[in-house]
C-alpha cells in the first residue's frame, strides 16, 4: 500500500507538469496573433516617408532661395562698384542692404535646418557680380532694367513657393512669414527700377528677356544640384 501510495503521488505530480494540448480553435487564434505581430513593423516602416515630405519641401525652398539671394546680393554689389558714386548710388545701396538681410536670413536657415547648399554657389557668386557690373556699364537705365528683370522672376518664384507652403500638410510659419516679407521687398525693388527709367534703357525688352531666362535657369539648376 505504501508503494502504491508513493507511485500515485509521483504520477500525480508528473501529470501536473505536463503541458495541456491546445484545442484547434486556440491554435488558430495563437497563429493569427503571431502573424499580426510580424506584420505590424512593416506597417510602421511604410508610413515613415510620408512624414518627411514637408521637410523635403522646406529643404528645397531654403536651398534655392539661399542661392537666389546670394546672386541678388552680388548683382547689387556689381552695380555699386560701377554706379556707387553717381546719382543712383543711394538707391542701389538701399536695395543692396535689403538683399544682404535676405542673404543672411537664408544662411541662418541653411544652418538651422542643416540644408546642403547648391554646389553652384561659387558660380552664382561670380555670375551675379558680372551681371550687375556689366549692365551698370551700359548706363543707369540698363542697370535698372536688370533689376526689373531679376525682381520680376523672384517675385513670381516667391509667390509659387508661398502657394506650395500653404498647401503643404504642415505649413512652416517662419518660412511663410520670411518669404512674404522678402517678396514684398523684391516687389518694391521692381517698382523702383521702373520709376528710375528702366523701360527707357536701350534694347529694354531684349535685355530683360535674356536676364529672365538666365534667372529661371539658375533657379531650376539650384533645385537639383
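When the stretch 202-225 is filtered for residues that are more than 27 Å from residue 87 (Cβ to Cβ) and in a loop (DSSP other than H, G, I, E, B), only 225 remains. A single member of 86, 78, 132, 128 is assigned to a loop (DSSP other than H, G, I, E, B) and farther than 30 Å from residue 167 by Cα, and it is 86. Cβ-Cβ distances below 6 Å connect the following pairs, each with a first residue in the stretch 173-185 that is farther than 17 Å from residue 64 by Cα, a second residue that is surrounded by 14 or more Cβ atoms within 10 Å (Cβ to Cβ), and a separation of six or more residues or different chains: 185/98. So, residue 147, is that one under 13 Å from residue 193 (Cβ atoms), in contact (Cβ under 8 Å) with a residue 12 or more places away in the chain and surrounded by 16 or more Cβ atoms within 10 Å (Cβ to Cβ) or not? When the stated conditions are applied, residue 147 passes them.
Residues that are part of a helix (DSSP H, G or I) and over 30 Å from residue 84 (Cα atoms) within the stretch 135-168 comprise 159, 160, 161, 162, 163, 164, 165, 166, 167, listed in sequence order.
Filter the stretch 109-125 down to the residues that are in contact (Cβ under 8 Å) with a residue 12 or more places away in the chain and assigned to a helix (DSSP H, G or I), then identify the one that is nearest to residue 179 (Cα to Cα). Filtering the stretch 109-125 for residues that are in contact (Cβ under 8 Å) with a residue 12 or more places away in the chain and assigned to a helix (DSSP H, G or I), the one nearest to residue 179 (Cα to Cα) comes out as 109. Apart from one condition, residue 160 fits all of (1) in contact with a helix residue (DSSP H, G or I) (Cβ under 9 Å, 6 or more places away or on another chain); (2) surrounded by fewer than 23 Cβ atoms within 10 Å (Cβ to Cβ); the exception is (1).
Taking the criterion of being modelled with pLDDT of 95 or more and either touching a strand residue (DSSP E or B) at 6+ places or on another chain (Cβ under 8 Å) or part of a loop (DSSP other than H, G, I, E, B) (or both), the residues of the stretch 169-201 that qualify are 196, 197, 201.
With respect to the numbered conditions (1) modelled with pLDDT of 95 or more; (2) within 21 Å of residue 225 (Cα to Cα); (3) surrounded by 14 or more Cβ atoms within 10 Å (Cβ to Cβ), which one is the sole condition not fulfilled by residue 115? Going through (1) modelled with pLDDT of 95 or more; (2) within 21 Å of residue 225 (Cα to Cα); (3) surrounded by 14 or more Cβ atoms within 10 Å (Cβ to Cβ) one by one, residue 115 breaks only (1).
The values are calculated or read from the model by the stated rules, or taken from the named source; none is laboratory data. Just so it is clear, the structure is predicted and the values come from calculations on it, not from any experiment. Using ideal geometry, Cβ is built from the backbone for each residue, glycine included, and neighbour counts are taken over all protein chains shown.
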